[in-house]
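The values are calculated or read from the model by the stated rules, or taken from the named source; none is laboratory data. Since we're looking at a predicted model, the values are computed, not measured. FYI the Cβ positions are ideal-geometry reconstructions off the backbone, even for glycines, and counts take in every protein chain you see. These area figures cover heavy atoms from the full protein model, side chains too; ligands, DNA and RNA do not enter into them. Shrake-Rupley method; radii C 1.70, N 1.55, O 1.52, S 1.80 Å.
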Amino acid sequence: MNVRSQTASVFHLDKCIGCHTCSIACKNIWTDRRGAEYMWWNNVETKPGTGYPTLWEDQEKYRGGWEKAGEQLRLKMGGRAATLGNIFHNPSLPTMDDYYEPWTYRYNELFNAPEGSDQPAARPVSMVSGRDMKIEAGPNWDDDLGGSNVYAANDPTFKTLSEKEQQQLFALERMVFFYLPRICNHCANAGCVAACPSGAIYKRGEDGIVLISQDKCRGWRMCVSGCPYKKTYYAWSSGKSEKCILCYPRQECGEAPACFHSCVGRIRYLGVLLYDADRIEEMAKRPDAELVAAQREMILNPHDPEVVAAAKKNGIDDKVIAAAQNSPVYRFVKEWKLALPLHPEFRTLPMLFYVPPLLPVLSTSGEGMTRLGDDFFSSLEQARLPIRYLAGLFSAGNEAEVEAVYRKLMAVRLQRRAETVDDLPEAETRKVFESAGISPEQADAVYRLTSLAGFKERMAVPPMQREQGIEATEDPQTRKGEGGFGTRRPPKRRW
Ligand code: SF4
Ligand code: SF4
């Protein structure tokens, strides 16, 4: 057993209100500078929809992540030879059209406009060419229209549905969408790390955060290609790639990442997971339908004395082990099996998990709660958002995994209803608990962590101060406009 520690997250999608506060908090700290205009380390998408960059989920287009070739696991973009062949022209890279042309406005025309009968307007100008431009795309262009046939029809996961299901989804009275906030998943089997020819990307030993060394990066952009989630970005001004750093400088001060801290819906949970690194390859090779279970299997029980001893032997600090024992992520992912990885079929073993949204599913089953016991499962089949769509997103098509989550979530809701409204026969609620495989105590704990938990319960940040110790004598604020906080030397282009 090779125990490693990983700072991991859970996003509870039922609670996301799509306010984008998280994206703006991140943008203002990390990417509000030249070359990073188009970067959204945190972005929020409307699903079904095409996302950012457009169609990022389509790996026939972008060739990110891993695939199985016989018994071997290999990068979908090809091996070392293919990487070298594409080094000066990589046809699978997203282009500016797939992101968008960043723009600003001529604010002076607005502020200094002479008095007149017309309302003054600020014209948009391109941040790339400086010329006037017509805005035709943006990082959240399909916001709230994601559920409509304007965008959802092009959603790669949507294409897994039957024609009838697709038509049902677009029936006006059944129209449904939900929000999907995304950051780098800090994957255990990161495609970006494997793809980098310069060895510039690394996974920090102490917490598994994936970082790009700005000194070593040569701007080959293979990480952009290798990441199936398109969460590394190329900064044109420095000639280096950049990505979400899970706010490690904040974490080292005991603070949660900025997007977590500012999240209005309180959908975000942060904690430590211990996992067995010796099993990464074996788990990533499992058949699609088993990938969720495999990832859960890889995550170790931090209360098990054998795991604790092996963790200590690997140099994991007592405080980190204590944080793992106290981790809300462990509870959601392993204990309750409520949180699932996004597109596990990319085989990167992502360490950000999602509780799928129940709301659009449950809302059609509302007629007659009294038929609850008999109707409990058929209501899932009548869901407004087909379970198959959610399975395409969160369990590599394994509908049973998503159904199991929904049974538990519904049991939690019904328990709350029984407790607050008291209009459900006890025998029916008991039946629901039995079929969902959750105890009333567990349901209560799920309810508490979902609805009532305060900041400290949602964010179990272990104390680590390595980088902060190194940089204690410098003021990171002075670097903000150059290379971002914490960059000691501004990156230089080498050609
Ligand atoms: S999600 Fe993050 S860690 Fe995973 S492959 Fe992409 S950039 Fe790398
Ligand atoms: S701040 Fe929270 S609630 Fe708002 S969009 Fe981001 S994740 Fe969703």
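Below is a table of values for the structure above.
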{"item": "Unsatisfied cross-links (Cα-Cα over 18 Å) in the set Lys47/Lys159; Lys76/Lys230; Lys61/Lys203; Lys408/Lys431; Lys61/Lys230; Lys15/Lys230", "result": "Lys61/Lys203; Lys15/Lys230"}
{"item": "Accessible-area ranking of Asp444, Asp207, Asp32, largest first, probe 1.4 Å", "result": "Asp32, Asp444, Asp207"}
{"item": "Largest-first ordering by accessible area, 1.4 Å probe, given options Trp41, Trp220, Trp141", "result": "Trp141, Trp220, Trp41"}
{"item": "For the chain, fraction of C-alpha pairs farther apart than 30 Å, in %", "result": "49 percent"}
{"item": "From phi via Karplus (6.51, -1.76, 1.60), per-residue ³J(HN,Hα) for region 347-357 in Hz, x at Gly/Pro", "result": "6, 9, 6, x, 10, 10, 10, 10, 7, x, x"}
{"item": "Net charge dipole size for the chain [Lys, Arg +1 and Asp, Glu -1 on Cβ; Debye, nearest 20]", "result": "1800 debye"}
{"item": "Value of [θ]222 nm, deg cm²/dmol, for the chain, DSSP H segments ≥ 4, -39500 (n - 2.57) each, nearest 500", "result": "-7500 deg cm²/dmol"}
{"item": "Under 5 Å, built H, 5+ apart or other chain: amide partners of Gly65", "result": "Lys76, Cys227"}
{"item": "Computed accessible area, Ser435, all protein chains, 1.4 angstrom probe, square angstrom", "result": "50 Å²"}
{"item": "Residue-by-residue Karplus 3J(HN,Hα) for region 118-131, coefficients 6.51, -1.76, 1.60, Hz, glycine and proline x", "result": "8, 6, x, 9, 9, 7, x, 10, 5, 7, 9, 9, x, 8"}
{"item": "Area accessible to solvent at Arg221, 1.4 Å probe radius, in Å²", "result": "90 Å²"}
{"item": "Relative compactness, region 218-267, computed as alpha-carbon Rg over 2.2 N^0.38 Å", "result": "1.44"}
{"item": "Quotient of C-alpha Rg and 2.2 N^0.38 Å, computed over region 258-321", "result": "1.42"}
{"item": "Karplus 3J(HN,Hα) series, Hz, for region 233-250 with 6.51 cos²θ - 1.76 cosθ + 1.60 (x for Gly, Pro)", "result": "10, 9, 8, 5, 7, 9, x, 10, 9, 9, 7, 4, 10, 6, 6, 4, x, 5"}
{"item": "Accessible area of Phe455 in the full protein assembly, 1.4 Å probe (Å², nearest 10)", "result": "80 Å²"}
{"item": "Anchor Lys134: lysines whose Cα lies under 25 Å away (excluding residues fewer than 8 positions away in-chain)", "result": "Lys27"}
